[in-house]
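Trainee: This structure is in structure tokens; I'll ask about it shortly.
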Amino acid sequence: MATRTLSTFEEFAKYPDDGQKHELLNGEHIILPPPKRPHTRVQQNLQDTLRPYVREHHIGEVHIEAGFKLSSFNWLQPDVSFVRSEQMQRGDPNEYSEGAPALAIEVASESNSAAQLDLKMELHFAHGSDEVWVVYPKTRHVRVHFPDGHSETLAVDLESALFPGWSAPLPPIFA
């Protein structure tokens, strides 16, 4: 279960690195345990699947657990993210990215409640994301959400309008 305390981003930024995942959701300091191996494997497989296309087309970077400052009371660390080159060029390269990534990917696990996943999705869209993927390792599918509120379930291949002409088989993500 996550521990919650109210904080501003300035207070939140002072917490020492303790090896756990920290996020700030509407002023609530959320502390999540480090991911277990299956979760980490899915993160790595997603990054390995997206990164070749992103690099080949010089359109940005794919990260695991990068930090994004959305506002004074919201700082998120999606499991995997795609950041466009234009966003990387804005702001201080030695600080957190300002605004949400173009693509935020959350891998569902016991430490994420449905309410937290929904709130993160809302915050990502409010701060500029084009897509949010929620990956469900237990059912081996991905739910792709869009800013207009609609979503699609992928169970065979990964595809995204963010990566024209790209697709990848979904089963290896869960290998």
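Trainee: Once phi is turned into θ = phi - 60°, what whole-Hz ³J(HN,Hα) does the Karplus curve with 6.51, -1.76 and 1.60 give for every residue of region 33-39, x standing for Gly and Pro?
Mentor: x, x, x, 7, 3, x, 4
Trainee: In the Gaussian network model of the chain, springs joining C-alpha atoms below 10 Å, which of VAL62, VAL142, VAL156 carries the largest mean-square fluctuation?
Mentor: Greatest mean-square fluctuation among the candidates belongs to VAL156.
Trainee: Work from the charge dipole of the chain (Cβ charges, +1 for Lys and Arg, -1 for Asp and Glu, about the Cα centre) and give the residue of HIS22, HIS57, GLN44 farthest towards its positive end.
Mentor: Selected residue: GLN44.
Trainee: Based on alpha-carbon atoms only, what is the radius of gyration of the chain relative to the globular estimate 2.2 N^0.38 Å?
Mentor: 0.99
Trainee: Using the Kirkwood radius built from alpha carbon pairs, what does the Stokes-Einstein equation give as D for region 1-101 at 10 °C and 1.306 mPa s, in µm² per second?
Mentor: Answer from the Stokes-Einstein relation: 109 µm²/s.
Trainee: Follow-up question, since we're still on this one. Provide the per-residue ³J(HN,Hα) series for region 65-70, in order, calculated from phi with Karplus coefficients 6.51, -1.76, 1.60 and θ = phi - 60°, each as a whole number of Hz, with x at glycine and proline positions.
Mentor: My calculation for region 65-70 gives 6, 6, x, 10, 7, 8 Hz in order.
Trainee: Please state the Cα pair-distance histogram of region 79-175 with 5 angstrom bins from zero: what percent is in each bin?
Mentor: Spelled out per bin, shortest first, that is 2, 12, 22, 24, 19, 13, 6, 1.
Trainee: Rounded to the nearest 5, what % of the DSSP beta bridges within region 46-175 are antiparallel ones?
Mentor: 75 percent
Trainee: How much of the accessible area of the chain, in percent, comes from carbon and sulfur atoms when a 1.4 Å probe is used?
Mentor: 52 percent
Trainee: Are there any trypsin sites (Lys or Arg not before Pro) in region 119-175 that are in a DSSP loop and have at most 16 other Cβ atoms within 10 Å? List them by number.
Mentor: LYS138, ARG140
Trainee: Oh, and also: For the chain, with a Gaussian network of springs between Cα atoms less than 10 Å apart, report the residue from SER81, SER97, SER151 with the top mean-square fluctuation.
Mentor: Of the options given, SER151 has the highest mean-square fluctuation.
Trainee: Taking loop as defined by DSSP and a crowding limit of 14 other beta carbons within 10 Å, which GluC sites (Glu not before Pro) in region 90-135 fit?
Mentor: The qualifying sites are GLU95, GLU110.
Trainee: Please give the charge dipole size of the chain, origin at the Cα centre, charges +1 on K and R Cβ atoms and -1 on D and E Cβ atoms. Round to the nearest 20 debye.
Mentor: In debye, rounded to 20, the chain gives about 520.
Trainee: Can you tell me the Rg and Dmax of region 101-146, counting just the alpha carbons, in angstroms?
Mentor: 10.2, 29
The values are calculated or read from the model by the stated rules, or taken from the named source; none is laboratory data. For clarity, every value in this text was computed on a predicted model and none was experimentally measured. Note that we place each Cβ from the backbone using ideal geometry, even for glycine, and neighbour counts take in every protein chain shown. Surface accessibility is based on the protein's heavy atoms, side chains included, excluding ligands, DNA and RNA. Shrake-Rupley method; radii C 1.70, N 1.55, O 1.52, S 1.80 Å.
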